[in-house]
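Engineer: I have a structure here, written as structure tokens, and I will follow up with some questions on it.
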Amino acid sequence: MKCKRCGKKAIAHLRAYGIALCEECYPEFYIRLVKRSIKRYGILKENERVLAAVSGGKDSSAMAAVLKELGYDFELLYIDLGIEEYSEESEKAVRDLSGLLDVSLNVLRLRDYGFTISDLRRKWRRKTCSGCGVAKRYIMNRFARENNFNVVATGHTVEDVVSFYLKNIAGGIKIWAEKLLPRNEPFDEKIVTRAKPMFEISERENMLFVLVRNIPFTPVECPYAPSPEWKEIVYDIERKKPGFTKNFIRGLLIEKGEFGEVNYCRICGEVASGDVCAFCKLRMRFEG
Ligand SMILES: [Zn+2]
Ligand SMILES: [Zn+2]
């Protein structure tokens, strides 16, 4: 197959767009794709100071590399969740990424707050990932606010958003609208804006980009990650109906829900849905 732009040997056939591209034309195409998406949805604004949350995986590494290409003012944040080899491998990748991009890296360790995800797993023997999400969101938000970042960017992909939606709909769960939006403006001054610059970008597109550009990442997945069933369903549909995932997400952009009254955690003072925030509840399990 030949590159549609220049006629050289193609390395990628993008069925969602009906084009094949070579290793030089692909990164250009990809960067323009992300740039257009960020602009179309106002995901990031000019002159914002961005904190890019990186995990060491291909998606957030690709995000950081594109933000650099596009000239954003940003720093990296890596949260060490204390998941043995996975965390070690991830941190190594993130350090390489920071070096390659010449962007500052901030490393925060969950154990400095009194526990790790491995501790949590031993204690609970279930749903570790909900604890992981709570911990990451808490640490990202607090660090961003205390260090004057305007927005926290995460590497969520189009498959993350669509599979999350399908899973919840199938389970009869009312969707938390915030998770489906490309950018969430804060509903309180203690909350920092959250953005998903890769909201319309697929995992495969990210993978091709990091491979072609030699961007550091680790293929090691979190051993406690939930079963990829819903992701696989999304991949299956995409295989049969190229373009499905991207079209689906465009149709999904729903009105932001109303938020209720804001409470603050009586222990740490962060925003909470009740008296004590979800993160402090986790932390309390390891006290005494
Ligand atoms: Zn080409
Ligand atoms: Zn708290």
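The values are calculated or read from the model by the stated rules, or taken from the named source; none is laboratory data. The model shown is predicted, which means the values in this text are computed figures rather than measured ones. With ideal geometry, Cβ positions are generated from the backbone for all residues, glycine too; neighbour counts draw on all protein chains shown. SASA here: full protein model, heavy atoms, side chains in, ligands and nucleic acids out. Shrake-Rupley method; radii C 1.70, N 1.55, O 1.52, S 1.80 Å.
Engineer: Tally the residues that are small (Gly, Ala, Ser), open to solvent by less than 100 Å² (accessible area, probe 1.4 Å) and at pLDDT below 90, restricting the search to segment 237-277.
Structural biologist: 5
Engineer: What number of residues in segment 71-91 are closer than 14 Å to residue 115 by Cβ and part of a loop (DSSP other than H, G, I, E, B)?
Structural biologist: Number of matching residues: 3.
Engineer: For segment 116-160, which positions are in contact with a Gly (Cβ under 8 Å, 6 or more places away or on another chain), of a type in the set (A, V, I, L, M, F, W, C) and surrounded by fewer than 20 Cβ atoms within 10 Å (Cβ to Cβ)?
Structural biologist: Selection gives 124 alone.
Engineer: Examine segment 173-183 for a residue that is under 17 Å from the mean Cα position of the chain (by Cα), in contact (Cβ under 8 Å) with a residue 60 or more places away in the chain and assigned to a strand (DSSP E or B), and state whether such a residue exists.
Structural biologist: Yes, the conditions are met somewhere in segment 173-183.
Engineer: Continuing with the same structure: Are there any pairs, at least 6 apart or on different chains, whose C-beta atoms fall under 9 Å, with the first in segment 36-47 and at pLDDT 90 or above and open to solvent by less than 20 Å² (accessible area, probe 1.4 Å) and the second among the acidic types (Asp, Glu) and not in a helix (DSSP H, G or I), and if so, which?
Structural biologist: 37/200
Engineer: A further question follows. Does residue 7 meet the test of being assigned to a loop (DSSP other than H, G, I, E, B), open to solvent by 10 Å² or more (accessible area, probe 1.4 Å), within 16 Å of ligand 1 (Cβ to nearest atom) and not aromatic (Phe, Trp, Tyr)?
Structural biologist: Here the answer is yes, as residue 7 does meet what is asked.
Engineer: Moving on. Output yes when any residue across segment 38-51 is closer than 27 Å to residue 116 by Cα and either assigned to a strand (DSSP E or B) or within 16 Å of ligand 2 (Cβ to nearest atom) (or both), and no when none is.
Structural biologist: Looking for residues that are closer than 27 Å to residue 116 by Cα and either assigned to a strand (DSSP E or B) or within 16 Å of ligand 2 (Cβ to nearest atom) (or both), one finds at least one in segment 38-51, hence yes.
Engineer: How many residues does segment 30-77 hold that are within 16 Å of ligand 1 (Cβ to nearest atom) and touching a helix residue (DSSP H, G or I) at 6+ places or on another chain (Cβ under 9 Å)?
Structural biologist: 3
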